[in-house]
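K.L.:
Let me give you the structure first, and then I'll get to my questions.
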Amino acid sequence: MNILLIGSGGREHALAWKIRQSPLVDRLVIAPGNPGMTVLGECRDIKATDVRGLIGLVREVGADLVVVGPESALAEGIADACAAIGVACFGPKKKAAQLESSKAFTKDFCKRHNIPTAASETFDNVAQARAFLKTYQPPYVIKADGLAAGKGVAISPDYQDAVAEVEAMLGGRYGPASAHIVIEEFMTGEEASIFALCDGETAMLFGWAQDHKRAFDGDTGPNTGGMGTYSPAPIVTPELLAITQAEILDPTMTGMKAEGHPYTGVLYAGLMVENGRPRLVEYNARFGDPECQVLMLRLKSDIVPYLVAAAKGELKAMPAPEWHTQAAVCVVFAARGYPDSPIAGSIIRGADRDFGPNVTVFHAGTSRAEDGSLRAAGGRVLNICARGETLQEARDKAYEALNGIDWPGGFYRRDIGWRAL
Ligand code: AMP
């Protein structure tokens, strides 16, 4: 079969790497891809948000399946456009993707369907939001309703700071994405990310991981898209999975179907776990980046039949996927200055060699210069991933590989997985 994969980050490089291993695939086309992906498929320079261009490409290559990596493509309606021409798409339609693209929608949805999450109210008016804050205890959690590139969440320690956040957001800090805001209860506990493949009816557990959001060691510094991940995460027990399935995933599938927007693709549940009980922090409508990287390293089954089954409503007939029992770690190598102002253009040497068994380097923000050198071209630039018998072994291998890459323009955290170790 022919597959079109959309995206250009480390997440999509990991998906391409896994899809390429499937004997079912004749042709893998990637739009737009990155320099690391050119050995896995044909990269075409069409942006993930250019739905018209992508549909033209679907037709040109005769794609049997479109696999969507980033949320931006979903928000532009790539899944709706595929449905309109009768091509299977792994990823939700726009209305279903609201589970990620509108926090207000998701909070109301949770209330309607009794899904455990933080208590919250939605506002579009500063005076009402201020009055509501008065009734709450700090810390205050204030969120832009829409997609804000992972930046739309503020946790304010006191009332004055919270009011300033409310005014800034409703005043247009994130444009239309913060025309509405959600103010919610602060939850304590430990976070975990759980993934499920969904076909509109069935949610099938598809791995879990823990990430490190802060830029620097010891979970300090600004929030980022993610500086590293590991899987499995000890906090995710069989009991936690069973409760998450019954109280969060299943009611979400039933509720979305009943409301006329059956959810397909991958559902990424960000959970807060306290005393063994999960509450939903947020949903994402795609794989996490860099969670996807460790999941792909640990997935033993061929991924392609699962992607097809999710897209075609056939998950119920599929056996649970098989996983390597080994642990996997992903360390993000980021450009200095990330996340505020990453410095682009520095030369990276030694990233393209063979790092030996069970070590894989995925590209994210890289570019190939005319002289053939590899350059930094984004915030998160490389993902150094490894599998090992234990988390410690996986981590040691990843850092050993990273130390073999000559990139003075980059930095990384030295403590990925510390919580589990
Ligand atoms: P979100 O984009 O909604 O996942 O929020 C980003 C991060 O903010 C989460 O990963 C949590 O660390 C934190 N966060 C969000 N909502 C809450 C909450 N209600 N209570 C405590 N922490 C939260």
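The values are calculated or read from the model by the stated rules, or taken from the named source; none is laboratory data. Note that the structure is predicted; figures quoted are calculated from it, not measured. Reconstructed Cβ throughout: ideal geometry from the backbone, glycine too, with neighbour counts over all protein chains shown. To get the accessible areas, we keep the full protein, side chains included, count just its heavy atoms, and leave off ligands, DNA and RNA. Shrake-Rupley method; radii C 1.70, N 1.55, O 1.52, S 1.80 Å.
K.L.:
Are any of the residues in region 265-280 under 27 Å from K143 (Cα atoms) and in a loop (DSSP other than H, G, I, E, B)?
P.N.:
Yes, some residue in region 265-280 is under 27 Å from K143 (Cα atoms) and in a loop (DSSP other than H, G, I, E, B).
K.L.:
Between a first residue in region 202-217 that is under 20 Å from K151 (Cα atoms) and outside any loop (DSSP other than H, G, I, E, B) and a second residue that is charged (D, E, K, R) and within 16 Å of the ligand (Cβ to nearest atom), which pairs have beta carbons less than 9 Å apart while being 6 or more apart in sequence or on different chains?
P.N.:
If the second residue must be charged (D, E, K, R) and within 16 Å of the ligand (Cβ to nearest atom), the pairs left are Q210/E190; Q210/E191; Q210/E291; Q210/R419; D211/E191; D211/E291.
K.L.:
Checking P339 against (1) open to solvent by less than 20 Å² (accessible area, probe 1.4 Å); (2) in contact with a Ser or Thr (Cβ under 6 Å, 6 or more places away or on another chain): exactly one of these is not met. Which one?
P.N.:
(1)
K.L.:
Still on this structure, I have one more. Filter region 31-49 down to the residues that are free of Cβ contacts under 8 Å to residues at least 24 places away in the same chain and not in a loop (DSSP other than H, G, I, E, B), then identify the one that is farthest from G77 (Cα to Cα).
P.N.:
Per the stated criteria, the residue is E42.
K.L.:
List the residue pairs whose Cβ atoms are under 6 Å apart, where the first residue sits in region 97-121 and is within 20 Å of A246 (Cα to Cα), the second is within 10 Å of the ligand (Cβ to nearest atom) and in a helix (DSSP H, G or I), and the two are 6 or more positions apart or on different chains.
P.N.:
As it stands, the answer is L99/T106, since those pairs meet every condition given.
K.L.:
Taking region 226-240 only, how many residues are open to solvent by less than 20 Å² (accessible area, probe 1.4 Å) and outside any helix (DSSP H, G or I)?
P.N.:
Summing the residues that are open to solvent by less than 20 Å² (accessible area, probe 1.4 Å) and outside any helix (DSSP H, G or I) in region 226-240 gives 8.
K.L.:
Can I ask one more? When you check P138 against the structure, is it out of contact with any strand residue (DSSP E or B) (no Cβ under 6 Å at 6 or more places or on another chain) and in contact (Cβ under 8 Å) with a residue 12 or more places away in the chain, yes or no?
P.N.:
Answer is yes for this residue.
K.L.:
Continuing with the same structure: Kindly establish whether A192 is open to solvent by 20 Å² or more (accessible area, probe 1.4 Å) and either modelled with pLDDT under 95 or farther than 29 Å from P251 by Cβ (or both).
P.N.:
no
K.L.:
Out of the residues in region 247-270 that are over 23 Å from V236 (Cβ atoms) and hydrophobic (A, V, I, L, M, F, W, C), which is surrounded by the most Cβ atoms within 10 Å (Cβ to Cβ)?
P.N.:
Selected residue: M256.
K.L.:
Would you mention how many residues in region 271-283 are under 25 Å from A96 (Cα atoms) and either open to solvent by 10 Å² or more (accessible area, probe 1.4 Å) or more than 14 Å from the ligand (Cβ to nearest atom) (or both)?
P.N.:
4
K.L.:
So is G225 within 15 Å of the ligand (Cβ to nearest atom) and without any contact (Cβ under 8 Å) to a residue 12 or more places away in the chain or not?
P.N.:
no
K.L.:
Let me ask something else about it. Provide a single number: the residues in region 170-188 that are outside any loop (DSSP other than H, G, I, E, B) and more than 10 Å from the ligand (Cβ to nearest atom).
P.N.:
The qualifying residues number 6.
K.L.:
Return yes or no: is A376 within 24 Å of the chain's Cα centre (by Cα) and either open to solvent by 30 Å² or more (accessible area, probe 1.4 Å) or closer than 21 Å to G150 by Cβ (or both)?
P.N.:
For A376, the condition - within 24 Å of the chain's Cα centre (by Cα) and either open to solvent by 30 Å² or more (accessible area, probe 1.4 Å) or closer than 21 Å to G150 by Cβ (or both) - is met.
K.L.:
Looking at region 346-388 only, could you name the residues that are assigned to a loop (DSSP other than H, G, I, E, B), touching a Gly at 6+ places or on another chain (Cβ under 9 Å) and of a type in the set (S, T, Y)?
P.N.:
Selection gives S346 alone.
To keep it simple, each residue is scored yes or no on (1) over 29 Å from E165 (Cβ atoms); (2) modelled with pLDDT of 95 or more; (3) within 21 Å of the chain's Cα centre (by Cα).
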| site | (1), (2), (3) |
| --- | --- |
| L57 | yes, yes, no |
| V61 | yes, yes, no |
| A79 | yes, yes, yes |
| G86 | yes, yes, no |
| P92 | yes, yes, yes |
| L99 | no, yes, yes |
| D108 | no, yes, no |
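K.L.:
Next up: In region 72-169, which helices (runs of 4 or more DSSP H) lie fully inside it and hold 1 or more residues that are within 13 Å of the ligand (Cβ to nearest atom) and open to solvent by less than 20 Å² (accessible area, probe 1.4 Å)?
P.N.:
Those helices (runs of 4 or more DSSP H) span 98-101, 103-112.
K.L.:
Hey, another quick one. Within region 201-213, which residues are out of contact with any Lys or Arg (no Cβ under 8 Å at 6 or more places or on another chain) and either of a type in the set (S, T, N, Q) or over 15 Å from C330 (Cα atoms) (or both)?
P.N.:
A203, M204, L205, F206
K.L.:
Go through region 214-225 and count every residue that is touching a Ser or Thr at 6+ places or on another chain (Cβ under 7 Å) and open to solvent by 10 Å² or more (accessible area, probe 1.4 Å).
P.N.:
Residues that pass the stated criteria total 1.
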